[in-house]
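**Student:** My questions will all concern the structure given below.
The values are calculated or read from the model by the stated rules, or taken from the named source; none is laboratory data. Predicted, not measured: the structure shown is a model, and the values here were computed from it. As a convention, Cβ positions derive from the backbone with ideal geometry for all residues, glycine included, and neighbour counts pool all protein chains shown. Calculation scope for accessible area: heavy atoms of the full protein, side chains included, ligands and nucleic acids excluded. Shrake-Rupley method; radii C 1.70, N 1.55, O 1.52, S 1.80 Å.
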Amino acid sequence: MSELQTFYVIRHGETSWSLSGQHTGRSDIPLTPKGEQQARNLGEHLRTISFAKVLMSPRSRAQRTCELAGLSGTATIDADLAECDYGDYEGLRTADILQNNPHWNLWTDGSPNGESPQQISARADRVFESLRGLEGNIALFSHGHFSCALATRWIGLPIENAQHFVLDPAAFGVLGFVERHETIAAIRHWNISSEGI
C-alpha cells in the first residue's frame, strides 16, 4: 500500500525584521540568537520524523533553520520556496504601507514592482506539482507569507484566502489528507510553535 504525501511546511526562525514586522522577501536577514534556538527546538520534534525529501528556500534564514533543525544533510534548494517578492514594499511594515495605501492587501493587490497574487499562487502550485508522485513525509522550509500561500493552494482555495492564515517564526503546519477519505486535501495541523514542542 502506498504512503500518502504529508507536507511539513516550516517557517524559519525569528529574524530582526520578523521581530519588527518588516516585510522580508529578497533581503537575506540572518536569524537572531532566539531564532537559532527556535530552530534547534524545532529539530527536537522534526528529527523524530522520517522525511522522504527535504526542500528549502534559497534564503539563508530558511537554510540555517533547516541546518539547526538537523535536516540539512539531505536538503536541496527549491527557488519556488522563497518568500513573496514585496518589490517597493521590501523592508516596510504593513502599518507604514497602509499610511500611503490604506486599502493595500498583499493577497489581492500584490506589491508594486514585486509579485502579483497570481504569480505567488502559481509558484505555490509549482511546488506541489514538482513533488507529484513522491510518497511519504516532505519537509518544506520556507517563509511566513509563502507558507500561507502553500496551505491555501493545497486545499484548492483562491490565493486571496491566504490572508486568513498566520504562521509564526519557527512554527510549522502539516498538510495532508482527510483520514479515510484520501482524495480530499486537508490542513491536518497549523501554526505549531517550536516553543510549545
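**Student:** Quick one: which of PHE177, PHE141 is farther than 19 Å from LEU55 by Cα, touching a residue at least 24 places away in the same chain (Cβ under 8 Å), aromatic (Phe, Trp, Tyr) and not in a loop (DSSP other than H, G, I, E, B)? Write out each step before concluding.
**Tutor:** Numbers: PHE141 fails: farther than 19 Å from LEU55 by Cα.
Every option except PHE177 fails the conditions.
**Student:** Also, I was wondering about something else. On the given criteria, is SER57 open to solvent by 30 Å² or more (accessible area, probe 1.4 Å) and within 23 Å of LEU106 (Cβ to Cβ)?
**Tutor:** So SER57 does not fit the description; no.
**Student:** In addition: Output the number of residues of region 109-128 satisfying the condition of being farther than 18 Å from SER142 by Cβ and either open to solvent by less than 50 Å² (accessible area, probe 1.4 Å) or aromatic (Phe, Trp, Tyr) (or both).
**Tutor:** The number of residues fulfilling the criteria is 2.
**Student:** Can you tell me which of LEU92, LEU42, LEU106 is touching a Phe, Trp or Tyr at 6+ places or on another chain (Cβ under 9 Å), touching a residue at least 60 places away in the same chain (Cβ under 8 Å) and crowded, with 21+ Cβ neighbours inside 10 Å?
**Tutor:** Going through LEU92, LEU42, LEU106 in turn, just one is touching a Phe, Trp or Tyr at 6+ places or on another chain (Cβ under 9 Å), touching a residue at least 60 places away in the same chain (Cβ under 8 Å) and crowded, with 21+ Cβ neighbours inside 10 Å: LEU42.
**Student:** Same structure, new question: Report the residue count in region 1-58 for those that are in a helix (DSSP H, G or I), over 16 Å from the mean Cα position of the chain (by Cα) and farther than 22 Å from ASP85 by Cα.
**Tutor:** Qualifying residue count for the region: 9.
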